[in-house]
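**Student:** Got a structure for you, questions after.
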Amino acid sequence: MKLLDGRTAIITGAASQRGLGRATAELFAAHGARVAVLDLDLGAAEAAAAALGGGHMGLACDVTDKDQCDAAVARVLDAWGRIDVLVNNAGITQPLRILEIAPENYDAVLDVNLRGTLYMTQACIPAMRDAGSGSVVNMSSVSAQRGGGIFGGPHYSAAKAGILGLTKAMARELAPDGVRVNAICPGFIDTDITAGKLSDDQRAQVLAGIPMGRAGRASDVAGCALFLASDLSAYCTGTEVDVNGGSLIH
């Protein structure tokens, strides 16, 4: 059973080979979706789209630039005529302590994570409203829920917490139009961002706090995104779904 057969999905920040966006793009394609891979690097985006097979596209887009978001969405609509799913995956993190956060650090992290989520969603809303349906999946973090993570500084926690508030407010406003908006909160996931950043002792300490006893895989997050994108979650909106192996049980 292909859960996204015939549907069109945009996934931001999806070019990195071991990233959450790439894993999500691969799973969506396997479930029948036409996928537009958006990334800063056009060549990387096109290569990632080609790796999914035929019928997909790669586009360059800086999600902090509203005009670029609008242009990318227009390209998708010109090619495919509809947008069924948007996954706001693009994000950055910086391992800074509170007194180390300079204005440019704050601007960069808030802009990519939070402003980018707003701009991309704004660009997709008209088409989803016209269709009377759509699913937006926003990438938050366990850092937003517990006040800090392993890598991200306080400004990262603030940005990801902002995504939770934005998700709920957009879900409330767009529900009458048939558009659902939900968030995923990943915990410790093995990706390029985390690779090689922890000593063996640090990694052991992190894993000790995870009841399932292992780091997450990108495919774990992708599976949750597939659920939220598909009709399996047709009555879910404004939710935040934990994908953390039980590390936030309380």
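The values are calculated or read from the model by the stated rules, or taken from the named source; none is laboratory data. From a predicted model like this one, the values you see are computed outputs, not experimental measurements. Reconstructed Cβ throughout: ideal geometry from the backbone, glycine too, with neighbour counts over all protein chains shown.
**Student:** Which condition from (1) crowded, with 18+ Cβ neighbours inside 10 Å; (2) at pLDDT below 95 is the one that Q94 breaks?
**Tutor:** Exception for Q94: condition (1).
**Student:** Any residue in region 31-44 that's crowded, with 24+ Cβ neighbours inside 10 Å and part of a strand (DSSP E or B): show its pairings with residues that are of a type in the set (D, E) and at pLDDT 95 or above at Cβ separation under 9 Å, as long as the two are six or more apart or on different chains.
**Tutor:** Short answer, once both residue conditions are applied: V35/E26; V37/E46.
**Student:** Return yes or no: is L232 surrounded by fewer than 21 Cβ atoms within 10 Å (Cβ to Cβ), part of a helix (DSSP H, G or I), in contact with a Gly (Cβ under 7 Å, 6 or more places away or on another chain) and not basic (K, R)?
**Tutor:** no
**Student:** Considering (1) hydrophobic (A, V, I, L, M, F, W, C); (2) out of contact with any Leu (no Cβ under 9 Å at 6 or more places or on another chain); (3) under 16 Å from V241 (Cβ atoms); (4) without any contact (Cβ under 8 Å) to a residue 60 or more places away in the chain, say which one A183 fails and leave the rest.
**Tutor:** In the conditions (1) hydrophobic (A, V, I, L, M, F, W, C); (2) out of contact with any Leu (no Cβ under 9 Å at 6 or more places or on another chain); (3) under 16 Å from V241 (Cβ atoms); (4) without any contact (Cβ under 8 Å) to a residue 60 or more places away in the chain, A183 misses (2) alone.
**Student:** Tell me which of these A161 doesn't satisfy, since it passes every other one: (1) in contact (Cβ under 8 Å) with a residue 40 or more places away in the chain; (2) closer than 26 Å to S247 by Cα; (3) within 15 Å of the chain's Cα centre (by Cα).
**Tutor:** Here A161 clears every test but (1).
**Student:** Continuing with the same structure: Considering only region 154-177, how many residues are basic (K, R) and surrounded by 24 or more Cβ atoms within 10 Å (Cβ to Cβ)?
**Tutor:** Result for region 154-177: 1.
**Student:** Continuing with this model, one more query. Considering each of A218, A204, A225, A229 in turn, give the residue that is small (G, A, S) and more than 16 Å from the chain's Cα centre (by Cα).
**Tutor:** Result: A204 is the single residue among A218, A204, A225, A229 that is small (G, A, S) and more than 16 Å from the chain's Cα centre (by Cα).
**Student:** Within region 45-74, which residues are surrounded by fewer than 16 Cβ atoms within 10 Å (Cβ to Cβ) and either assigned to a loop (DSSP other than H, G, I, E, B) or of a type in the set (V, I, T) (or both)?
**Tutor:** Within region 45-74, G53, G54, G55, D65 qualify.
**Student:** Is it the case that R82 is closer than 28 Å to S233 by Cα and at pLDDT below 95?
**Tutor:** Here the answer is no, as R82 does not meet what is asked.
**Student:** May I pose another question? Output the residues belonging to region 133-153 that are farther than 20 Å from D192 by Cα and surrounded by fewer than 18 Cβ atoms within 10 Å (Cβ to Cβ).
**Tutor:** S133, R146, G147
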